[in-house]
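Report on the following structure.
The values are calculated or read from the model by the stated rules, or taken from the named source; none is laboratory data. Remember, predicted model here, so these are calculated numbers, not experimental data. Every residue, glycine as well, gets a Cβ built from its backbone with ideal geometry; the counts of neighbours run over all protein chains shown.
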Amino acid sequence: MASLTPPNLSLTSELRQEQFCLTSKCKVCFNALGPSHLNWKPSSLPTSTASALHISCSQGYEVRPTGIPAFSMNLSDTVSDSDVSYVTNMIREYTTNGLFEDAIVVYLEWLNYSVPTQLPFFPSLIKAFAGLLDLRTGRQIHGHVLKFGLFTDVYVANSLLALYWKCGSFEDALQLFENILNRDSVSWNTMISGFDQSMLPLQALMMFRRMVQELGVIPNRVSCLSALSSCSSCGSLVHGKEIHAFVTKNGLDLDPSLVNELIGMYTKCGHLRNAEQVFGIFLERESLSENTVVWNAMISGYVFNGCFLDAFTLFQKMLVLGVKPDSSTIVTVLVLCSHLLDIKVGRQIHGHIVRFGLKLDARIETAMLDMYCKCGEIQDGLNIFERSSNVNFVMWGAMIAGCAQNGCSRKALELFSKFMVEGGLADPITVLAVLRACSSLTLNLNGMETHGLTIKMGFSSDVFIGAALTDMYAKCGDIESAQRIFRGLSERDVISWNALVSGYAQNDYADEALKAFHEMQYELVRPNTVTFASILSVCARLSALILCKQIHCYLIRNRFEANVLLSNSLISAYSKCGNIKSALILFNGVSERNEISWNSMISGLGMHGLVDDMLALFDRMKAAEMKPDHVTFTAILSACGHAGRVDEGWRQFRSMVKDYNIKPELEHYTCMVDLLGRAGHLDQALNMILGMPCQPDGQIWGSLLASCKIHCNEEMAERAADYLFKLDSSRMGYQILLSNIYEDSGKLDNVTMIRTAVKDMGFKKKPGCSWLEVDHNLHVFVANDRSHYQSEQIYATLEILTEEIKGAGYIPQLYPVIIKHDEASG
DNA sequence: CTAGGGTTAG
């Protein structure tokens with residue numbers, strides 16, 4: 001073990017509720033208590049002995065819980081046995097009720113009064129010090145122990161041991177332990193469970209081994225419980241089996257707690273069969289077989305291993321046998337329903353909670369709320385949340401995440417802001433959901449605010465948060481911030497790499513995406529389905545057919561080909577790389593197809609101008625009882641437009657509304673305007689824009705303008721341009737387009753005017769550029785560019801080709817070339 | 001007197 005940072009050990013249960021601990025991977029831990037809690041006022045009663053020993057404190061509590069008497073020292077000159085027992089009782093009373101400071105005050109008063117000889121209250125007193133969770137103060141009472149010669153008392157020594165574990169110093173505990181000469185089972189068990197609970201399972205197991213080997217004390221049930229728990233933590237089946245054997249040999253296997261811990265150990269090590277065996281033996285003992293907790297352990301063991309049906313079957317068996325479910329069972333089964341997305345059973349459980357005689361608590365409500373949200377029933381989730389009287393920060397988090405997962409990102413952000421206004425403290429899991437909401441809404445500002453929050457709360461460098469921040473910035477288009485966050489991460493897993501890679505891919509940083517893809521593999525992080533989907537989208541964008549094929553091969557070798565997400569990505573990538581044949585082979589060969597598969601294939605065929613094949617596939621889609629959606633129709637209308645299939649386009653457009661009840665959106669109108677315009681029906685196109693229920697954007701006017709150019713309709717072009725430039729006059733491409741239209745009709749004054757205006761605005765057109773890859777070498781071509789080393793041959797070949805095309809009947813349109821000199825100089 | 005996990009929530 002390289003570095004052993006002792007975590008903040010168990011806080012009292014009251015504090016624990018306010019403390020945020022993430023899953024094992026997240027190391028974030030912080031105490032959300034205000035500063036007032038341990039704020040000792042200056043002591044009103046420093047005593048000679050006490051001040052000599054540097055201990056002082058005051059009573060921080062004005063109001064004492066009812067039933068606990070106030071302490072008053074009223075002792076005679078000589079200490080009597082009854083005085084000792086009074087003080088002892090008071091210290092114990094205060095300590096067990098969490099009034100640690102009061103207990104210590106009693107001790108300080110006692111010190112003021114008597115030099116101790118016989119101190120039966122020390123174990124309780126040390127417990128009070130342990131309750132303060134402060135190592136420095138804890139060491140002081142250790143000093144008292146040494147000074148008064150009490151260390152030989154094993155009870156006292158064990159109490160100190162527990163104190164050091166509680167204060168988070170396993171070094172002190174270990175040193176102390178080695179100094180105890182008369183170690184008993186409690187000493188050993190305190191060490192084993194200390195290591196175990198501090199997430200140092202190997203040390204715990206080493207302690208257990210030492211305990212077995214050193215003569216004198218035999219491990220008991222407590223030792224085995226802690227040791228088995230450590231086996232679960234580190235997934236050590238070998239040690240677990242050893243301890244199992246030890247348990248059996250020593251006749252401890254009748255102990256229900258141990259049975260439970262054994263089931264837990266085997267299931268967490270992934271050995272369900274051993275767990276089932278232990279459970280089976282347990283079932284045979286009639287005296288135990290109705291122990292609900294053991295049933296719970298086995299059911300949640302199945303859930304832990306993803307064996308949801310087994311878990312459900314066992315739950316049913318439990319009910320049949322009349323074993324009464326408790327609230328833990330219910331929570332587990334609700335989690336099970338959310339995994340199975342089985343809303344029906346979930347609702348039944350909801351209904352049966354009262355019948356089982358159970359009270360709704362925060363855990364049940366949270367699990368139920370989550371179940372409803374995961375099954376898409378967000379309103380039911382909200383109802384639980386709004387009616388609950390047990391709302392805590394976990395439930396808030398569940399509700400916020402539930403909204404974010406169901407596409408109600410705005411509602412998620414609203415809830416979070418309400419949570420914060422009401423004084424809630426942001427914890428990492430909730431913030432994760434909030435960041436996802438920001439990223440899906442591309443709300444950069446809210447995202448930055450949330451980023452600030454993570455810094456303030458001290459979990460900005462957490463792995464999960466880091467990945468979510470990277471993703472959020474990337475989705476909002478701020479790729480520099482995404483990079484900065486990513487490079488600052490101390491640990492990069494596949495999730496954070498995916499955030500970066502997909503961020504590059506979505507923002508058209510194709511080269512960076514590929515670079516990152518290679519870099520992550522160099523760092524031995526294995527790409528997963530999400531990575532490949534991103535990279536395939538990059539392949540499509542770059543038309544990188546070879547890379548596409550390489551990835552396809554990799555996916556086949558690694559048995560990823562059955563994944564729908566990836567087969568869809570491949571179909572789309574092959575289509576966009578121009579290899580429609582491979583796309584079709586893939587599409588026809590896959591075992592699973594969803595709407596996206598059909599849409600990808602349909603739009604692929606459309607892009608390739610294969611309209612009849614596309615329509616045939618569309619019929620197949622309908623025959624397969626797949627529901628066409630707005631994406632399907634966008635692909636179809638766009639293909640009809642490019643192929644000049646006006647009637648077919650109209651037919652599909654009407655059918656979309658009539659047969660499929662899909663409201664046409666801007667994208668569909670744009671396709672129709674394009675289709676009508678290209679075919680020369682400019683009036684119809686204009687009427688379509690003016691008549692549509694949504695706001696026209698620049699693109700749709702631009703499409704009409706382009707059609708006006710094709711059909712030399714200057715008048716309509718002016719109308720379209722008028723609308724277009726009212727929306728956005730800075731679209732230089734469209735300005736040039738309009739000037740070209742004037743050029744065609746010979747209005748050279750207008751041409752000059754536009755060109756000057758464009759120049760005055762300081763715009764420059766980027767020259768068009770194309771490239772191709774031959775044997776891993778990239779060849780780039782710009783208009784009029786002769787820099788390529790083979791350009792002589794290339795242009796010679798071009799000339800030959802042009803002649804051949806002309807021979808086949810092609811008549812080149814020459815007039816738009818006039819602007820060339822302008823561009824070339826720019 | 002001291003150690004002391006049976007299972008369970010986002």
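Any residue at all in the stretch A:310-332 that is surrounded by fewer than 19 Cβ atoms within 10 Å (Cβ to Cβ), within 11 Å of DNA strand B (Cβ to nearest atom) and part of a loop (DSSP other than H, G, I, E, B)?
There is at least one residue in the stretch A:310-332 that is surrounded by fewer than 19 Cβ atoms within 10 Å (Cβ to Cβ), within 11 Å of DNA strand B (Cβ to nearest atom) and part of a loop (DSSP other than H, G, I, E, B).
Are any residues in the stretch A:478-498 polar (S, T, N, Q) and either closer than 19 Å to A:Leu445 by Cα or modelled with pLDDT of 90 or more (or both), and if so, which ones?
Answer for the stretch A:478-498, where residues must be polar (S, T, N, Q) and either closer than 19 Å to A:Leu445 by Cα or modelled with pLDDT of 90 or more (or both): A:Ser481, A:Gln483, A:Ser496, A:Asn498.
Does A:Ile794 satisfy the criteria of being farther than 22 Å from A:Ser739 by Cβ, surrounded by 12 or more Cβ atoms within 10 Å (Cβ to Cβ) and modelled with pLDDT of 80 or more?
yes
Check off (1) near DNA strand B (Cβ under 8 Å from one of its atoms); (2) under 30 Å from the mean Cα position of the chain (by Cα); (3) surrounded by fewer than 23 Cβ atoms within 10 Å (Cβ to Cβ) for A:Arg347 and give me the number that stays unchecked.
Looking at each condition in turn, A:Arg347 falls short on (1).
Here's a check for you: in the stretch A:143-158, which residue that is out of contact with any Phe, Trp or Tyr (no Cβ under 7 Å at 6 or more places or on another chain) and crowded, with 21+ Cβ neighbours inside 10 Å is modelled with the highest pLDDT? Please lay out each step first, then the result.
In the first step, residues of the stretch A:143-158 are kept if they are out of contact with any Phe, Trp or Tyr (no Cβ under 7 Å at 6 or more places or on another chain); the result is A:143-144, A:146-149, A:151-155, A:158.
Now drop any that are not crowded, with 21+ Cβ neighbours inside 10 Å, which leaves A:144, A:158.
Values: A:His144: 89, A:Asn158: 96.
If we take residues in the stretch A:143-158 being out of contact with any Phe, Trp or Tyr (no Cβ under 7 Å at 6 or more places or on another chain) and crowded, with 21+ Cβ neighbours inside 10 Å, then A:Asn158 is modelled with the highest pLDDT.
What residue, of A:Leu524, A:Leu545, A:Leu555, A:Leu570, is without any contact (Cβ under 8 Å) to a residue 24 or more places away in the chain and surrounded by 15 or more Cβ atoms within 10 Å (Cβ to Cβ)? Spell out how you get there, then give the answer.
Numbers: A:Leu524 fails: surrounded by 15 or more Cβ atoms within 10 Å (Cβ to Cβ); A:Leu545 fails: without any contact (Cβ under 8 Å) to a residue 24 or more places away in the chain; A:Leu570 fails: without any contact (Cβ under 8 Å) to a residue 24 or more places away in the chain.
Criteria check complete, one pass: A:Leu555.
Among (1) of a type in the set (A, V, I, L, M, F, W, C); (2) under 42 Å from the mean Cα position of the chain (by Cα); (3) assigned to a helix (DSSP H, G or I), there is one condition A:Cys694 misses while meeting the rest; what is its number?
(3)
(1) within 30 Å of A:Tyr734 (Cβ to Cβ); (2) part of a helix (DSSP H, G or I); (3) modelled with pLDDT of 70 or more: which one isn't true of A:Phe781, the others all being true?
With (1) within 30 Å of A:Tyr734 (Cβ to Cβ); (2) part of a helix (DSSP H, G or I); (3) modelled with pLDDT of 70 or more applied to A:Phe781, the lone miss is (2).
Report, ordered by the first and then the second residue, all pairs with beta carbons closer than 7 Å, sequence separation of six or more or different chains, a first member in the stretch A:591-602 that is surrounded by fewer than 17 Cβ atoms within 10 Å (Cβ to Cβ), and a second member that is at pLDDT 90 or above.
Sorted first by the residue in the stretch A:591-602, then by its partner, the list stays empty.
Taking the stretch A:184-218 only, how many residues are without any contact (Cβ under 8 Å) to a residue 40 or more places away in the chain, more than 10 Å from DNA strand B (Cβ to nearest atom) and outside any helix (DSSP H, G or I)?
Final tally of qualifying residues: 5.
For the condition within 13 Å of DNA strand B (Cβ to nearest atom), hydroxyl-bearing (Ser, Thr, Tyr) and in contact with an Asp or Glu (Cβ under 7 Å, 6 or more places away or on another chain), what is the one hit in A:Tyr164, A:Tyr155?
None of the other options fit; the residue is A:Tyr164.
With the structure loaded, tell me whether A:Phe177 is more than 10 Å from DNA strand B (Cβ to nearest atom), of a type outside the set (Gly, Ala, Ser) and touching a residue at least 60 places away in the same chain (Cβ under 8 Å) or whether it fails that test.
For A:Phe177, the condition - more than 10 Å from DNA strand B (Cβ to nearest atom), of a type outside the set (Gly, Ala, Ser) and touching a residue at least 60 places away in the same chain (Cβ under 8 Å) - is not met.
Here is a yes/no grid of residues against (1) surrounded by 13 or more Cβ atoms within 10 Å (Cβ to Cβ); (2) modelled with pLDDT of 85 or more:
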residue	(1), (2)
A:Leu686	yes, yes
A:Met692	yes, yes
A:Gln695	no, yes
A:Ile700	yes, yes
A:Leu704	yes, no
A:Lys709	yes, yes
A:Glu715	no, yes
A:Tyr723	yes, no
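Just name the residue that is nearest to DNA strand B (Cβ to nearest atom) out of those in the stretch A:73-116 that are touching a Leu at 6+ places or on another chain (Cβ under 6 Å) and modelled with pLDDT of 90 or more.
In this case the residue turns out to be A:Ile91.
Using beta carbons and a limit of 8 Å, which pairs, at least six apart or on different chains, have the first residue in the stretch A:150-167 and within 13 Å of A:Leu119 (Cβ to Cβ) and the second one within 7 Å of DNA strand B (Cβ to nearest atom) and among the aromatic types (Phe, Trp, Tyr)?
Close Cβ pairs satisfying both conditions: A:Leu150/A:Phe122; A:Asp153/A:Phe122; A:Tyr155/A:Phe122; A:Val156/A:Phe122; A:Ser159/A:Phe122.
Can we say A:Leu524 is in a loop (DSSP other than H, G, I, E, B), more than 18 Å from A:Asp471 (Cβ to Cβ) and modelled with pLDDT of 90 or more?
In short, yes.
Which of the residues spanning the stretch A:240-281 are within 12 Å of DNA strand B (Cβ to nearest atom) and among the polar types (S, T, N, Q)?
Scanning the stretch A:240-281 gives A:Ser257, A:Asn260, A:Thr267.
Which of the residues belonging to the stretch A:351-382 are away from DNA strand B (no atom under 13 Å from the Cβ), under 20 Å from A:Cys403 (Cβ atoms), part of a helix (DSSP H, G or I) and not aliphatic (A, V, I, L, M)?
A:Gln379, A:Asp380
Let's see how each residue does on (1) more than 17 Å from A:Pro201 (Cα to Cα); (2) more than 34 Å from the chain's Cα centre (by Cα); (3) not charged (D, E, K, R):
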site	(1), (2), (3)
A:Gly240	no, no, yes
A:Val247	yes, yes, yes
A:Asn260	yes, no, yes
A:Met265	no, no, yes
A:Ile281	yes, yes, yes
A:Glu290	yes, yes, no
A:Gly301	yes, no, yes
A:Phe308	yes, no, yes
A:Ala311	yes, no, yes
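Only residues in the stretch A:619-636 that are aliphatic (A, V, I, L, M) count as the first member; pair them with residues that are surrounded by fewer than 21 Cβ atoms within 10 Å (Cβ to Cβ) and at pLDDT below 90, Cβ under 6 angstrom, at least 6 apart or cross-chain, and list the lot.
Pairs found: A:Met626/A:Glu595.
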